[in-house]
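Everything on this sheet refers to the single structure shown next.
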Amino acid sequence: MSDGEPADDTGEATGVVLDFLPHGRTSDDRPQYEKDPLGYVLDYDDFALYEFIAESDANVSIGDRIDVASGDFVTRYSEIEYDELPGGAQSELAYVIEDIVDEQQQRFVDFYNDAQPITLRLHQLNLLPGIGKKLRNNILDERKRQPFESFEDLESRIGGLHNPKETLVDRIMEELREEDLKYRIFVRQDEQE
């Protein structure tokens, strides 16, 4: 967990609020007036999870798009692990990831177009749930003919690949939950390891 002070004011929304606790943690025994408002954000680009402390008059709600580093109302923030998220944030996570995959569809379709081998025996596509050797080879053959243009195109051209968007969401969730995965595709891995 690395603490960070608000950085430069880019004004760019870099994440989605998963949960906001205007009266702080419920497990905090201090009187309510001493607790700082607390929020949780999922980053758009590398799916990092952040906890932030907001000013007492911050007007934030679940689903808002914010830049935790902007300093507008964030007084302090730090990167956290999945296990540190409260239940409300954990229950919102899959929905928010699905929205990000929808909004950035071309980025994720390009993953299917550009995925490369990791080793001689393992391909990035094999890391996706439900994709084995046969399905992987079908994807590789079809993308040689013509790159995929959308999830619908991918689903219609590859028999047996049902809901490729949901497959990506499941993999991102797995990467967030599991600390000891050997290979990560979407979620940034801490360099401290």
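The values are calculated or read from the model by the stated rules, or taken from the named source; none is laboratory data. The shown structure was predicted, so the numbers you read here are calculated from the model rather than taken from an experiment. Every residue, glycine among them, receives a Cβ derived from its backbone with ideal geometry; neighbour counts consider all protein chains shown.
Of note:
- Taking helices (runs of 4 or more DSSP H) as the structural unit, those lying wholly within region 54-173 and holding at least 1 residues that are acidic (Asp, Glu), surrounded by 18 or more Cβ atoms within 10 Å (Cβ to Cβ) and touching a residue at least 40 places away in the same chain (Cβ under 8 Å) correspond to 87-103.
- Any chance ILE97 is farther than 30 Å from GLN124 by Cα, in contact with a helix residue (DSSP H, G or I) (Cβ under 8 Å, 6 or more places away or on another chain) and either among the aromatic types (Phe, Trp, Tyr) or modelled with pLDDT of 90 or more (or both): no
- Breaking point among (1) β-branched (Val, Ile, Thr); (2) under 18 Å from THR14 (Cβ atoms); (3) without any contact (Cβ under 8 Å) to a residue 60 or more places away in the chain, for THR26: (2)
- Exactly one residue among TYR95, TYR50 is aromatic (Phe, Trp, Tyr) and touching a Phe, Trp or Tyr at 6+ places or on another chain (Cβ under 8 Å), and that residue is TYR50.
- Only residues that are modelled with pLDDT under 85 and closer than 15 Å to GLU51 by Cβ were counted across region 23-37, and they come to 6.
- Residue within region 72-83 that is at negative phi and in contact with a helix residue (DSSP H, G or I) (Cβ under 8 Å, 6 or more places away or on another chain) present: yes
- Residues (exposed (fewer than 15 other Cβ atoms within 10 Å of the Cβ) and either in a strand (DSSP E or B) or touching a helix residue (DSSP H, G or I) at 6+ places or on another chain (Cβ under 7 Å) (or both)) located in region 12-53: HIS23
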